[in-house]
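K.L.:
Okay, here's the structure, questions in a sec.
What follows draws every value from the coordinates through simple rules; no lab data is involved. Small disclaimer: the values here were computed from a predicted structure and weren't measured. Please note: Cβ atoms are built from the backbone with ideal geometry, for glycine as well, and neighbour counts cover all protein chains shown.
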Amino acid sequence: MGITELKLPEMIQYREHQIASKSLTRKLGIELPFMVYAMDAGESISNEQSTLTRLLQVIDGILTIQVGTVRYQVPAGEMMMVPANTLHELRADQRCQFMQFETK
């Protein structure tokens with residue numbers, strides 16, 4: 001497979017009152033999950049966990065990640081790592097786009 005250019009902000013569009021997601025795993029020919037998301041303000045993904053470590057890179061806006069009672073505000077250009085088997089919630093207090101890569 002050759003070099004592939006990804007323009008992440010253009011790959012996923014915001015949808016009013018929804019969460020949009022797109023898997024890039026097959027397109028890139030990789031084994032581990034790689035997704036991009038666009039979350040409208042007020043949307044959330046709650047009580048989520050994975051057997052893999054998650055790397056969340058914010059592309060646009062601010063993503064709130066809550067682990068237990070601790071909230072992390074992750075702005076565009078920053079990344080957060082969520083350890084494997086950690087119950088967490090993802091929330092968009094304002095519109096945000098982010099990519100999620102899972103690794104061992």
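K.L.:
Sort Glu5, Glu31 by Cβ crowding within 10 Å, fewest neighbours at the top.
P.N.:
So the residues, fewest neighbours to most, are Glu5, Glu31.
K.L.:
Sum -39500 (n - 2.57) across every DSSP H segment of at least 4 residues in the chain, then divide by the residue count to get the 222 nm mean residue ellipticity, nearest 500.
P.N.:
Here the helix-only value at 222 nm equals -1000 deg cm²/dmol.
K.L.:
Compute the Kirkwood hydrodynamic radius of the chain, taking the inverse of the mean of 1/r over all pairs of distinct Cα atoms, and give it in Å to one decimal.
P.N.:
13.9
K.L.:
How do Tyr14, Tyr72, Tyr37 rank when sorted from fewest to most other Cβ atoms within 10 Å of their own Cβ?
P.N.:
Ordered by Cβ neighbours within 10 Å, fewest first: Tyr72, Tyr14, Tyr37.
K.L.:
Using 0.36 nm per residue, how much length does the chain from Val70 to Lys104 gain when fully extended, once their Cα-Cα distance is taken away?
P.N.:
Going from the current span to full extension adds 9.8 nm.
K.L.:
While we're on this one: Under a plain spin-label model, where a point goes 7 Å from the Cα along Cα-to-Cβ, how far apart in nm are Leu8 and Ile45?
P.N.:
Taking the simple label geometry, Leu8 and Ile45 are separated by 1.3 nm.
K.L.:
Where does each of Ser23, Ser50 land when they are ranked from fewest to most other beta-carbon atoms within 10 angstrom?
P.N.:
Going from sparsest to densest Cβ surroundings: Ser23, Ser50.
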